[in-house]
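Here's the structure we're looking at; comments come further down.
The values are calculated or read from the model by the stated rules, or taken from the named source; none is laboratory data. This one's a predicted model, so the numbers in the text were calculated from it and none came from an experiment. Counting neighbours? That spans all protein chains shown, and the Cβs are built from the backbone with ideal geometry, glycine included. For the accessible areas, the whole protein counts, side chains as well, though only heavy atoms, and no ligand, DNA or RNA atoms are used. Shrake-Rupley method; radii C 1.70, N 1.55, O 1.52, S 1.80 Å.
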Amino acid sequence: MKIAAIIGSSRADGNTQQLTELALKGVDYTPIILKEKQIISIDDLRHAAGGFEPVADDYENVIDTVLEHDILLFATPVYWYGMSGLMKNFVDRWSQSLRDDRFAFKKEMSQKTAYVITCGGDQPSIKALPLIQQFQYIFDFMGVSFAEYIIGTANAPHDILKDERALAEAKRWNKVFLK
């Protein structure tokens with residue numbers, strides 16, 4: 001069981017990343033920190049005769065790493081009631097991978113199990129639900145099994161350490177991942 005954590009926070013050591021690290025404490029996993037990668041948004045050319053143009057950025061390396069793993073943990077703060085721009089740009093690039101002849105992207109992704117961790121400060125247990133639903137639709141489309149999610153309440157740095165429910169859920173996940 002190989003685990004990758006795709007972290008879409010634009011703040012180093014933010015609440016979402018802290019909660020993710022707690023869930024994965026002592027677990028052998030691959031962190032993919034999107035803010036450290038250059039993933040350029042692209043023109044949507046999926047219906048054009050030539051298709052997508054090659055892009056000189058880090059996306060292909062990131063997606064190759066993702067495909068090497070069985071469990072994908074998507075971690076993103078709630079940004080304006082959705083996933084972060086870093087995470088959205090990464091997922092948008094999947095359109096390119098779906099049309100890449102080098103692999104059967106959708107089939108390979110359908111072999112994965114996904115988890116989601118998100119944190120927000122404005123009633124996230126309610127207002128983060130559209131973000132969770134967005135991931136559910138993405139996973140349904142790709143055939144990815146959606147295991148669970150955690151929504152943490154946190155706004156200022158280290159606020160997540162006050163959310164006992166989210167911390168308990170992350171510790172429960174940790175026990176599952178350590179098996």
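Brief remarks on what is shown
- Computed from the alpha carbon positions, the gyration tensor of segment 86-154 leads to an equivalent ellipsoid with semi-axes of 26, 13, 8 Å, biggest first.
- For segment 122-127, backbone phi angles converted through the Karplus equation (6.51, -1.76, 1.60; θ = phi - 60°) give residue-by-residue couplings of 10, 6, x, 4, 9, 6 Hz, Gly and Pro being listed as x.
- Over segment 1-112, Cα pairs under 8 Å with separation of 6+ residues give a relative contact order of 37 percent.
- Here the calculated FRET efficiency for residue 2 and residue 127, from their Cβ-Cβ distance with R0 = 25 Å, stands at 0.15, rounded to the nearest 0.05.
- Nearest-10 value in Å² for the accessible area of residue 30, using the 1.4 Å probe: 50
- Amide H contacts of residue 30: 3, 4, 5, each under 5 Å away and 5 or more positions distant or on a separate chain (H built 1.01 Å from N in the peptide plane; Pro and chain starts excluded).
- Taking each residue as 0.36 nm, the span from residue 140 to residue 48 lengthens on full extension beyond its C-alpha to C-alpha distance by 30.5 nm.
- For segment 7-69: relative contact order, % (alpha-carbon pairs under 8 angstrom, 6 or more apart): 29
- Relative to the dominant Cα principal axis of the chain, helix 129-142 is inclined by about 40°.
- A cut-off of 5 Å between modelled amide H atoms, ignoring neighbours fewer than 5 places along the same chain, links residue 78 with 119, 120.
- Taking amide H as placed 1.01 Å from N in the peptide plane, the amide H of residue 144 sits under 5 Å from none that are at least 5 places away or on another chain.
- Rounded to whole Hz, the Karplus (6.51, -1.76, 1.60) HN-Hα couplings of segment 168-173, x for glycine and proline: 5, 5, 4, 5, 5, 4
- Across segment 102-118, computed HN-Hα scalar couplings (Karplus, 6.51 cos²θ - 1.76 cosθ + 1.60, θ = phi - 60°) run 6, 8, 9, 4, 5, 5, 5, 5, 5, 8, 9, 10, 10, 10, 10, 10, 9 Hz from first to last residue, x flagging Gly and Pro.
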